[in-house]
Structures are given as structure tokens and as C-alpha cells.
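The values are calculated or read from the model by the stated rules, or taken from the named source; none is laboratory data. Note that the structure is a prediction, hence the values are computed from the model and not measured. Using ideal geometry, Cβ is built from the backbone for each residue, glycine included, and neighbour counts are taken over all protein chains shown. Surface areas here come from the heavy atoms of the whole protein model, side chains and all, with no ligands, DNA or RNA. Shrake-Rupley method; radii C 1.70, N 1.55, O 1.52, S 1.80 Å.
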Amino acid sequence: MTFANPSYLWAFAGLAIPLAIHLLSRKEGKVIRVGSLRHVEESNTSQFKSIKLNEIFLLLLRSLMVTMIVLFLAGAQCTNPPGKSDKWLMVESGVDQKADSLEVHPLPEGNYYSVAKKLGDLPNEIVVLSHSRVNKFNGERISLPANVSWITAEQPSKKFAATAWQAGDTVFVRTANSSSIATSFNTSIGIPDSIEIQKPEPIKVSTDNALVVAALAVLKNEFKLPVSVDKNGDQKILVTNNAGPIVERTSANEITIHKLDQDVALNENLVIELFRVLYPNLQEPQLAKNNDARSMPEQLAWSASKSTQVTETTTSAGIEKYLILLFIVSFAAERFVAIRRNQ
């Protein structure tokens with residue numbers, strides 16, 4: 001319980017008033033003159049006990065009336081602490097969880113930043129249990145809403161066949177090993193069990209850019225793809241200073257790379273982007289993205305401009321009308337008993 005005007009609580013001293021009235025309003029017993037006390041024995045009659053009980057009842061009623069007045073003046077409000085229904089546990093698909101005291105809901109799919117913004121509009125305190133995958137933190141970094149606590153759940157490493165292709169009589173399998181820290185790839189010869197074997201066509205690329213040549217060498221030597229550099233190649237790669245995606249196909253025989261330098265080649269994954277455009281049927285980037293188990297560290301995932309701690313919230317409701325009703329009932333009961341007992 002909270003009070004809008006706590007300074008009025010000193011009026012609880014008024015509880016001494018009904019106590020004083022109770023002590024000072026005792027009736028003197030009726031005087032009966034008798035000739036001798038020889039045969040009179042001292043005893044408590046049932047009537048005297050009844051009178052004493054009623055006086056105590058009056059004292060309680062009068063004290064209750066004073067209490068109602070003080071609480072009304074002090075602006076008493078009923079404060080409800082958050083219960084189980086006020087806290088939610090939102091669990092991402094694939095996360096193991098055990099929650100006995102929280103209401104469990106599935107975490108919506110999509111970009112984590114967009115999901116966090118929607119959760120911030122809810123009145124509930126929300127604990128999110130998520131894998132915090134790197135590929136789902138897209139866009140401008142935001143601060144975590146004050147009513148949301150984000151917990152990263154550990155997940156085991158994943159090993160999967162990302163793609164497979166056949167070059168001549170040999171089948172190459174690109175295997176990925178993804179953990180919460182990093183994703184690495186390894187190319188080996190073998191027969192995959194769960195993915196289709198592609199048969200990519202040999203591609204000859206015409207380019208004079210050293211970074212592009214180096215990226216194509218990685219595709220040939222590491223990915224074992226039938227790609228080569230040839231001045232008369234059927235695929236021409238142009239490098240421009242115009243804004244746009246790092247690699248895009250502008251025509252059937254032409255590929256454009258925008259604003260290419262060494263930093264862009266490393267940060268924007270030039271090798272993967274060339275692989276995506278040159279061999280769209282293999283789709284290694286998409287498979288790797290879907291199975292990427294890397295987790296984003298909390299200090300990098302969210303802006304530190306706001307606190308991410310979940311705080312206890314309470315709701316308050318005025319009880320003035322109940323105090324008035326209880327005072328009226330107490331006053332009516334006190335007057336009725338007082339009149340009956342002549343107090």
C-alpha cells in the first residue's frame with residue numbers, strides 16, 4: 001500500500017480518542033442497599049460479561065472509523081506487485097528451456113532489432129531466451145528496451161554439408177562447421193547424404209582487377225569450382241566507383257562490382273558474393289546463413305545508451321470509494337450498538 005499524502009499519517013494518533021472514550025465512559029454500578037453482606041458472594045454475572053464484550057466491540061468500531069478517515073486523508077492506494085502473469089518468457093524456436101514460474105511465449109521470427117522494438121511496446125516484463133544469431137542482427141543497432149532482458153542460450157556446434165558439386169568424375173563436398181564463435185568451411189572429396197550434387201558449368205571470367213583475380217583463385221583452389229580467368233571469357237566483370245551492392249549481375253554476360261578496395265573485399269565477403277552470382281544454383285551462402293550458429297556478444301549486439309536490466313514494476317489503484325463505504329458501515333454499526341448499550 002502506498003500513500004499520496006503520507007504527511008497525514010500522523011493523524012493515527014487519533015486512535016487514542018476512542019480508547020479514552022471507552023475507558024472514561026464506564027457506567028457506575030447500580031447501588032442496592034442491603035441490610036447485611038453476610039450472605040452476599042462476589043461474582044461476575046453473565047450480564048456484566050456481555051456489557052464488557054459490547055464495550056470492546058464499540059472500541060473496535062470507533063478505532064476502525066478513525067483508521068478509515070486517516071487512510072482517506074493520506075490518499076491510500078492499493079499497490080499490486082507484479083505477478084506471474086506480468087512476466088513473460090519468450091523462447092526462440094530451437095532453444096531448450098525450463099520455466100515453472102513464468103508465462104512462456106514463442107519469440108517471433110525475424111530481425112532481432114525489429115522484434116525488440118515490438119516487445120518494448122508491451123506492458124509486460126519480458127525475458128528473452130535466444131540463440132542471438134549474428135545473421136539476425138540486421139540494421140542500425142538499438143538499445144534494449146527497459147522491460148526486456150535478453151539472454152543468449154548456448155547452442156552446440158553444427159556440422160553440415162553446405163553444398164556439393166561434380167567436376168568431371170570427382171564430387172566435391174563443401175562442409176561447414178559452425179559454432180557460437182565462428183563458422184569455418186572445408187572442401188573434400190566424397191558423396192553427400194543430405195544434399196543434391198550439382199554439376200556447375202565451367203566459367204571463364206574476363207577481368208584485370210587484382211582483387212577479383214585473387215577472389216576467383218579462392219573459388220577455384222578452395223571451393224574446387226571450374227572457374228578461370230581468361231581475357232576472352234564469356235563473363236565480364238566490371239569494377240566501378242558507383243554506389244550499390246558489392247556484386248550484382250547487370251546482364252547475362254556482365255557482372256558489376258561497386259566501390260571495390262581491400263577493406264570492402266574483406267568486410268563484404270567478395271569471394272562469397274562472387275560465388276553467389278557466378279553459381280546461383282549451388283547456393284552455399286544461403287545454406288550457410290540458415291545454419292549459421294554464431295552468437296553476437298551482448299556488448300556488440302545492443303547500444304549501451306539505456307539500461308538493459310529488468311526492473312520490478314508495480315500498479316496502484318485508488319481505494320477512496322471503499323474507504324468511504326467502510327466508514328459509513330462502521331459509523332452505522334457504532335451508532336446502533338452505542339444506542340442499544342447506552343454508551
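Computed from label points 7 Å out along Cα-Cβ, the spacing between Glu201 and Glu140 is 4.4 nm.
Taking the square roots of five times each eigenvalue of the Cα gyration tensor of the stretch 231-273, the equivalent ellipsoid has semi-axes of 19, 11, 9 Å, listed largest first.
Extending each Cα 7 Å along its Cβ direction at Leu122 and Ala182, get the distance between those two points in nm, one decimal. Distance between label points: 3.7 nm.
In plain terms, the chain from Leu238 to Trp10 could stretch by 73.6 nm, reckoned as 0.36 nm per residue minus the Cα-Cα distance. Take the Cβ atoms of Glu109 and Asp193, set R0 to 30 Å, and the FRET efficiency comes out at 0.60.
Here is the link list: Lys87/Lys159; Lys224/Lys259; Lys224/Lys289; Lys98/Lys118; Lys118/Lys321. Which ones come out longer than 32 Å on Cα distance?
Distance filter (> 32 Å) returns Lys87/Lys159; Lys118/Lys321.
Contact order for the stretch 143-271, expressed relative to its length and based on alpha carbon pairs under 8 Å spaced 6+ residues apart, stands at 17 percent. Extension gain for Glu222-Val337 works out to 31.5 nm (0.36 nm per residue, less the C-alpha to C-alpha distance).
Rounded if a/c is under 1.5, else prolate if a/b is larger than b/c, else oblate: which is the stretch 163-316, with a ≥ b ≥ c the root eigenvalues of its Cα gyration tensor?
Oblate.
Glu268 sits with roughly 100 Å² accessible to a 1.4 Å probe, with DNA, RNA and ligands left out of the calculation.
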